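Asks: One structure coming up, written as structure tokens, with questions to follow.
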Amino acid sequence: DMLDPERLIQCPLVKHHWIRARRFPYHLVKCKESNPEIAKKLATCPFNARHLVPQADLSNHIMKCNDKAFVEQDVVSRSSESPQEQLNNGSTWQAPPSAEDWET
């Protein structure tokens, strides 16, 4: 099951590292730091930072990446919204009223 946080994932940097899915992002950061020569040869997928592939294979990976569909679906669904709806779905933060008078 892809959603199981306990499933084991093979590290793309050191093939004998098997990490639980819930710890995988943390492992990648540490493993990149520990193996800079290997990390230099890998590229990060623009759709999922957990996907590290050889730099020569990146364009092929991008075309086939399963996570690409999620990004494209989000772009399509957002493009059908009006600009006002897009603003409403964003941040709800508003600046507090100011007592300053810049004219004086």
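Asks: Non-local amide H neighbours of A43 (under 5 Å, H modeled in plane, Pro and chain starts lacking H): which ones?
Replies: Close amide H contacts, sequence-distant or interchain: V53, Q55.
Asks: To the nearest 0.05, how large is the calculated FRET efficiency for T44 and W18 if R₀ is 25 Å and r is the Cβ-Cβ distance?
Replies: For T44 and W18, the calculated efficiency is 0.75.
Rule-based calculations on the coordinates, nothing more; no lab input. Nothing here was measured: the structure is a model prediction, and the numbers come from that model. With ideal geometry, Cβ positions are generated from the backbone for all residues, glycine too; neighbour counts draw on all protein chains shown.
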